[in-house]
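Just so it is clear, none of the values below were taken in a lab; they were calculated from the coordinates. Just so we're clear, the structure is a prediction, and the values are computed from it rather than from any experiment. Backbone-built Cβ (ideal geometry, glycine too); neighbour counts: all protein chains shown.
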């Protein structure tokens with residue numbers, strides 16, 4: 001039977017290795033979920049910005065139905081003639097009545113009760129200058145016209161999505177810091193456990209850097225093994241949640257999905273943690289040996 005090398009004996013702790021692998025798997029599983037949350041929030045924020053920046057709703061508030069219809073016809077003609085407008089269409093009034101019925105009841109939808117006309121406007125460009133021009137154009141000719149920007153009344157939703165993104169980033173930073181702390185503690189424990197063997201290696205001519213490399217290789221392998229377990233598990237959970245969101249059929253969640261570049265970032269997490277763990281192990285070993293010897 002071949003004899004084990006001193007470096008193998010130094011870190012031959014199977015029980016400790018199994019614990020380290022599963023700790024890393026849990027850490028990277030949670031990091032994967034946090035990263036997926038952050039990337040999804042970023043994607044959703046961009047999609048929401050694109051959808052809302054170029055959309056307006058114009059209300060014609062006129063009690064006289066005849067005058068209201070005339071104002072709507074003139075307004076649609078002006079809007080559709082503008083180069084800043086990609087589409088302008090009146091909201092179906094029967095559909096509006098269906099939406100208002102739960103709040104107003106059937107009596108509130110009587111034909112004698114005035115109901116404002118609403119026009120959905122999609123802009124060719126969503127910049128502020130184009131939006132201001134269309135708003136001014138819409139208000140021309142009547143004082144009973146109100147223009148609402150979708151981005152304004154959905155601003156709280158956009159703000160919440162931004163908070164989710166920053167929270168996810170904070171969680172990733174916390175998990176990375178916790179991983180580095182675990183590696184530092186595990187490395188110091190290994191140094192204390194194998195103090196005698198390390199002294200012998202020093203007497204045989206091994207340098208601090210060579211001993212540090214022994215710890216680095218073992219920590220890197222354990223982190224990579226646990227990282228692959230964690231990222232695969234986390235990726236499956238993230239994919240399942242994304243699929244479930246997609247079945248809702250809501251425009252607000254259409255952008256909450258990971259793109260190819262996002263999945264590439266998620267797949268790179270184990271290797272990023274390997275680099276972090278290797279660096280932490282190297283620093284821990286060299287500092288401890290510098291103080292002891």
When a footprinting reagent is the concern and you count Cβ atoms within 10 Å, what order do 256, 147, 157 take, fewest first?
-> 157, 147, 256
Mind sorting 84, 92 by how few other Cβ atoms lie within 10 Å of their own Cβ, fewest first?
-> 92, 84
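Using the Kirkwood radius over Cα pairs, work out the Stokes-Einstein diffusion coefficient for region 125-190 at 10 °C and 1.306 mPa s, in µm²/s as a whole number. Intermediate results must be reported in sequence, preceding the final value.
On the way: Rh = 16.5 Å.
The diffusion coefficient I find is 96 µm²/s.
Full extension from residue 69 to residue 19: what is 0.36 nm times the residue separation minus their Cα-Cα distance, to one decimal in nm?
Working: separation 50, 0.36 × 50 = 18.00 nm, distance 7.38 nm.
So the extension gain works out to 10.6 nm.
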Gap separating the Cα centres of region 257-289 and region 119-144, nearest whole Å | 50 Å
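Using the number of other C-beta atoms within 10 angstrom as an exposure proxy, rank 31, 140 with the fewest first. Don't jump to the answer; show the numbers that get you there.
Numbers: 31 28, 140 10.
Arranged by neighbour count, lowest to highest, 31, 140 become 140, 31.
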Which FRET efficiency value, to the nearest 0.05, do you get for residue 195 and residue 152 by plugging their Cβ-Cβ distance into 1/(1 + (r/R0)^6) with R0 = 51 Å?
-> 0.15
